[in-house]
Structure formats: C-alpha cells, structure tokens
Amino acid sequence: MRTDTDIKLHKGFLRISSLHGNASLNYSMGRMATIILILLLLIPVIPAVSQNTFKGKYDNEWELKDGYFKVRKGRLYGVVSKDGVTLIPCEYNQIWDLGEDNILKVLKGRKIGLYTIDGAVIALPEYDQIWGFENGRARVMKNGKIGYIDKSGQEIIPPVYDQVWGFEDGRARVLRNGKIGYIDETGVEIIPPVYDQIWGFENGRARVLQNGKIGYIDEKGHLLIPPDYTQIWDFENGRAKVFKNGKFGYIDESGKEVIPPVYNKIWDFENGRAQVYKNGKFGYIDENGNEIIPVIYNKIWEFEDGRAKVFKNGKFGMIDENGNVLIAPKFDMIGEFEDGRADAVYNNKRVVIDTTGNIVETGSAGGVVTVDKKIAVTDTVIPETGERIVEVNDSIFNDSTVVRIWSDRVEIVSKKHSKPEEKHTYVEYNEPNRKKRGRFKGHWAGLNVGYNNLLTSSGSFEYPDEYMFMEMNAGKSVGVAANPWQQSIKLQRRGNIGLVTGLGFEWNNYRFDSQYVLTRDETTGNTTYYTETKPIKRNKLTTIYLNVPLLLEFQIPTGRERYPFYISGGAIGGVKLGSHTKLVYQSEGKEKNKDSFNLTTWRYGVTARIGYRAINLFADYYFSPLFEKDKGPDLYQVSAGIFIYLDY
C-alpha cells in the first residue's frame, strides 16, 4: 500500500503530515538542528566502540598494529584482536614487537620465543635470547650457545657455538670450545674451529694462531704457511720476517724460508743488505740470505764513505761494504780519520796510520803507555773552598778534561794539549729536597675506575624472578670516582702506620640489557618497571655519591721511602647527590629521567686497597641496601677495579 506524506515548512516549524490519516508532527528548526548535530558526533564513535569489544577485560592494553592489541592481565601479557579474540594467551612475562614482518618476541620465565602477530608459533620459548632479524635470519642463544634461525623458526645454524660474529661476504667467524673457525650462511664449517685465533683475510689469506704458533691459511682453510712460527711480521715486497725457536729469518708468500731463521737479530734492509747478529758476532747478509760480510766480528760500526770500523778478538780494523778487509784488526785503538790519517794504538804504542793500515808515524818512548793505563785520573779536594777537582788526561789522543765540583754547579774544562784555548762548560744543579724521615702519607687521593654490580641479601648474583628487571650487564656497568682531597694521620714513629680520610665523588653506572625501564609506581610509590616497546640500544641507571672513608693503612718499605708498598682497609660512608635513568634508542633519540627511585640517601660499607706507587687495586661493599626498605628490590652495592693514586 502506498502512503503519501506531506512535508511543509511553516513559521519556523517543519510539519510532516500523512495524506491518508490524521497523524502529523511539528519540529522546530532549532530542535532539528540539535538532533542532526548529535547524530554527526556519534558517527565516529560507533565504529570505534565496535573496534574494541574487550574494553575492561584486561588491566592494560596497547595497540601493536591496526586491529591487534597487546594486553596485560595481572603481571602476564598476551595479544588479542580488535574483536576480543585471544591470539596469544596471557601467560607471558613480556611481549616485544620486533618491528618487522609482524613478528613478536615473547618471554616466559627466563626463556624467549617468537610468534606471528596473529598467534602462529615461530619458535617455542626455549631460547635464552633471540636478537633481531637481518637478511632473513636471527641470532639465537640456547643453553649458552649461539646459532641462527630463519623466519620460519628453523635452526639454519644449530646453537652449538660459544660465539658467532657477523656475516661478511657470506661467511662468519665462530668460536667453539675456545677455538676459532668459519662457517658459511648455511652453517657449513668451511674452516673448522681448530685455531686459537684467526685474523682478518687480506688478499685471500689470513694469519692464524694454533698452539702458540703462527701460520697462514687461504679462504677455504687450506694451509699456505704451516703454523710453525712464534711470530710472522707483515709481508713487504713478497717477503716477511719470521721468528722461530728464538731465531729470526725471512719467508716468501709460499712459506719458503728464503733466509733461514738462524740469527739472533736481523736489522732492516737498506740498499739490499742488512746487519745480522748470531752467537755474539755481527755480519751482513743480502736479500737472498748470502753472508756478504762474514758473521765473525764483535762489533761493526756504521759505514761512512764505503768503510766501517770493526772490532774482532779485542782488536780494531776496517772493512769495505763487500766485507773486504782494508785494515787488518790488529790495533788496540783506531781514532777518526782526517786527511787520510788517524791516531791509533799498536802494541801499546801511540802511532799514526793511513787508510790502508800502514804506520806512518810512531810516538816517542816517553809517551808510551799500556792500553789499560793510558788514562790518568786525579781527584783532589781543596780544604779552604771545598772545591773538588777531578782531572782526566788522555795521553793517546792528546787532550785533558778537568771537572770541578762545587756545591751548586759543575765546571767542565776541556783542553787540547796542542791548542792554547780552553772550553768551559757549566752545569748548575740543586740537591733534591729530602723527605723527612718518619712522615706518613696515605693513599686516597686519585681516580677509581672499576665495575659495579648488585648482590642479593644472600650474597648471590642470581636474582629471583621478581627482581628480573634489575638483571645487569656486569661487563658494561662501569663506575668512576674522583677523590680530590685526603688527610693522613701518623700513628707510629717510623711513619709506616696511619689513618687516612678524605672526600670523593663517585658515579656508579648500572647497565641493563632488557627492555625493562626503572620507574616508580604512581599509586604505591614503590620502585617498579615498565616495558619500553621501542628497541633500546642502551639502558642504564646512574647514581652519584659523596664519599668519606676512614682507613687504617700499613706501609712496607721497599728501599725507596717515597713509594712504599701498602695495604689499607676500613669504613666508607656516602650521601646520594643524585640519580637518573638514561635510554638510548636503536633508531634515534634518547631519554633521561631524573628521580630518586627510592634509592637510599645514606649508605655505609667497607673498602680495601692494596698497591704500589700509582697503580693500585680497590674493592667496596655496602651494608646498606640500594633501595629504601620495602620500596624496592633488596640488593646491595659492590664494586672493584683500579685505583690511580695521585701524589700531590
């Protein structure tokens, strides 16, 4: 049946009338506008409500991606769809979004697994750690061993290695049972892990260390040079110096010994030759190992104008660059040549020789002395002035030297007997201030650099599950302290026992590897944590304290009064000056949060130190907990490291 309706606007009202009945409605224009506005406001709300049908079922929810939500019930997490369908049940301690391919990382107890965002299992939570995917594979740790899985969860490289470094050119270096090798991207061991070390490949070869010996391998693991050498230096011009059984030699790139390792030392090659030392004798070899100058000399001086002085069996001579003897080693002394002549001593007599070793002049009998008595020394002290005069007369080379020692300077007078002038040299000096005997100076002022950690009340580094968010990377938790002032109090007359106090500023950094970030609960005020969803590169807590020690120090003389060996220990207390957390994200940006975190304001503990001179060791332990009682984990600070003593 057709129904006709008549709609008319009359005096600001909208009249709706049925032509087949008496019903009619009158709406004012203002009321009509209000109804339309309400409907428009409800349009975006209606679908939003329909998107989240699980509202109120969980303690918290976070949107991961369109239509998928991470939810928390109690202290456990799961994933649901926008329709409230459970995709991953709330039975995990934490869930992270890896940010690619809709893959989620889950934590159950202390084990890690992988899910797809719609709930499909990729890897069961049986791994100690799973890192992010690169090129379709992710590094995993299982029972302390490293391997790789693909995006389907298949172990393409089984977790049997202590370490797997990054892949380069389709291969990665691995460590297993303390030995190094290489694998390809499928896990095949192209170089078995049998080496103590493998250095980087260059020109298709790499240096290796095995059983303390060095050799070379190619990219397929074939031995190029057997590991028989204690050291192999870098190759230059196809050759490398080697050290084997305490001797030096040279090899070529094929491993052939072009110069056998029979020398105690080989100097650098210059102009195709090098000086060598063997069994207490010197000589020269060429680049092929031929001895161009026999290794028979006790010493060979530098070559000048193609000639060099040599010393053999207690006598001096001269050779040329080819080893030819120019002057037979028969002289007790040969001076410097000038105009083809040189002073020399032959059979305990002063003579003059030419460049061939011929004696061209002989000294007089009065000037003849024995070699071991050719230098006369007199030592005289003048009582009136206190001046000390030491005179040295060299009758061979015709000169004398007089040394006058004064209280504040030394005067040196040199004179050639054949020349009238004298050369005067003055050296002024001040006697060092002697330290007063019996003075005690303790060891507090300086710099501390060490590692920080936290112990449970039972003295363990293993934390219960509720403290899981405080687990640290101990190797990166570094502390620094600057102790600018100290006061020493002597307790004993000899000055080797005393008390030491002072002031110091200490910065403790505690590094966390997890996504857990320290915070305070807004309701209870207790210290707790939240889970950062963005990947974190660095996560740390920093505390700053002003420290005051009271140490009892024992010093043991070592023959040098100023630098004794010492050991000290005692009490140490501190007041907190500040604290903050700092996050550095893997993508970009960083965040710093200054807060007390319920950290204890005052702390007290014990410290111990031991050392000698500048480098020393220290260890600190605090009896007061890190956090206020019942407001945070019951953990205690401990640190140890190197103390650099500053004596000022």
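Yes/no per residue for (1) surrounded by 17 or more Cβ atoms within 10 Å (Cβ to Cβ); (2) among the β-branched types (V, I, T); (3) over 21 Å from S596 (Cα atoms):
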{"site": "A482", "(1), (2), (3)": "no, no, yes"}
{"site": "K490", "(1), (2), (3)": "no, no, yes"}
{"site": "G498", "(1), (2), (3)": "yes, no, yes"}
{"site": "L503", "(1), (2), (3)": "no, no, yes"}
{"site": "N508", "(1), (2), (3)": "yes, no, no"}
{"site": "G525", "(1), (2), (3)": "no, no, no"}
{"site": "P549", "(1), (2), (3)": "yes, no, yes"}
{"site": "I556", "(1), (2), (3)": "no, yes, yes"}
{"site": "P564", "(1), (2), (3)": "yes, no, yes"}
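Applying the criterion of at least 1 residues that are under 21 Å from P159 (Cβ atoms) and open to solvent by less than 40 Å² (accessible area, probe 1.4 Å) to the strands (runs of 3 or more DSSP E) found wholly in segment 84-123 leaves 94-97, 103-108, 111-116. Applying the selection to segment 488-513, what residues are acidic (D, E) and modelled with pLDDT under 85? The answer is D513, and nothing else. Those residues that are part of a strand (DSSP E or B) and basic (K, R), I need them from segment 128-176; list them, please. Once the filter is applied, which keeps residues that are part of a strand (DSSP E or B) and basic (K, R), segment 128-176 yields R137, R139, K142, K145, R171, R173, R176. Going through (1) open to solvent by 70 Å² or more (accessible area, probe 1.4 Å); (2) at pLDDT below 95; (3) under 29 Å from the mean Cα position of the chain (by Cα) one by one, Y516 falls short only on (1). Only a single criterion out of (1) open to solvent by 60 Å² or more (accessible area, probe 1.4 Å); (2) part of a loop (DSSP other than H, G, I, E, B) is not satisfied by G187, namely (1). For first residues located in segment 573-584 and closer than 21 Å to V638 by Cβ and of a type in the set (A, V, I, L, M, F, W, C), partners that are part of a strand (DSSP E or B) and open to solvent by 10 Å² or more (accessible area, probe 1.4 Å) and lie 6+ apart or on another chain with Cβ distances below 7 Å form the pairs V575/L546; V575/W602; L577/I544; L577/L546.
Under the condition of being open to solvent by less than 30 Å² (accessible area, probe 1.4 Å) and farther than 25 Å from E462 by Cβ, the residues counted in segment 619-644 number 1. Only one entry of L599, L646, L635 meets the criterion of being over 19 Å from Y516 (Cβ atoms), in contact with a strand residue (DSSP E or B) (Cβ under 6 Å, 6 or more places away or on another chain), in contact (Cβ under 8 Å) with a residue 12 or more places away in the chain and of a type in the set (A, V, I, L, M, F, W, C), and that entry is L646. Going residue by residue through segment 585-603, is there one that turns out to be more than 31 Å from the chain's Cα centre (by Cα) and more than 30 Å from G74 (Cα to Cα)? Yes, some residue in segment 585-603 is more than 31 Å from the chain's Cα centre (by Cα) and more than 30 Å from G74 (Cα to Cα).
Can you pull out the strands (runs of 3 or more DSSP E) entirely within segment 198-266 that have at least 1 residues that are open to solvent by 40 Å² or more (accessible area, probe 1.4 Å) and over 23 Å from V188 (Cα atoms)?
Strands (runs of 3 or more DSSP E) meeting the threshold: 213-218, 223-229, 239-244, 247-252, 257-263.
The set of residues in segment 292-302 that are in contact (Cβ under 8 Å) with a residue 12 or more places away in the chain and open to solvent by 40 Å² or more (accessible area, probe 1.4 Å) comprises I292, P294, I296, N298, K299.
Taking the stated definitions as given, is G283 open to solvent by less than 20 Å² (accessible area, probe 1.4 Å), over 38 Å from the mean Cα position of the chain (by Cα) and at pLDDT 95 or above?
Details: open to solvent by less than 20 Å² (accessible area, probe 1.4 Å): yes; over 38 Å from the mean Cα position of the chain (by Cα): yes; at pLDDT 95 or above: yes.
Considered against the rule, which asks whether it is open to solvent by less than 20 Å² (accessible area, probe 1.4 Å), over 38 Å from the mean Cα position of the chain (by Cα) and at pLDDT 95 or above, G283 comes out as yes.
Restricting segment 146-184 to residues that are of a type in the set (S, T, N, Q) and over 21 Å from Q210 (Cα atoms), which is least open to solvent (accessible area, probe 1.4 Å)?
In the first step, residues of segment 146-184 are kept if they are of a type in the set (S, T, N, Q); the result is 152, 154, 163, 177.
Going one step further and asking which of them are over 21 Å from Q210 (Cα atoms), we end up with 152, 154.
On the way: S152: 81, Q154: 114 Å².
Per the criteria, the residue is S152.
If you go through segment 303-328 and keep only what is part of a strand (DSSP E or B) and open to solvent by 20 Å² or more (accessible area, probe 1.4 Å), you end up with E304, R307, K309, F311, K312, K315, F316, D320, V325, L326, A328. Scanning segment 503-523 for residues that are assigned to a loop (DSSP other than H, G, I, E, B), touching a Pro at 6+ places or on another chain (Cβ under 9 Å) and more than 26 Å from K105 (Cβ to Cβ) yields nothing.
Give me the residue from segment 329-365 that is among the acidic types (D, E) and touching a residue at least 24 places away in the same chain (Cβ under 8 Å) and, out of that set, least open to solvent (accessible area, probe 1.4 Å). Once the filter is applied, the top-ranked residue is D332. The condition (being of a type in the set (K, R) and either more than 26 Å from T456 (Cα to Cα) or not in a strand (DSSP E or B) (or both)) is satisfied by just one residue among K540, K534, K582: K534.
The values are calculated or read from the model by the stated rules, or taken from the named source; none is laboratory data. Quantities reported herein were computed from a predicted structural model and do not represent experimental measurements. Counting neighbours? That spans all protein chains shown, and the Cβs are built from the backbone with ideal geometry, glycine included. The accessibility values were calculated without ligands, DNA or RNA, using every heavy atom of the protein model including side chains. Shrake-Rupley method; radii C 1.70, N 1.55, O 1.52, S 1.80 Å.
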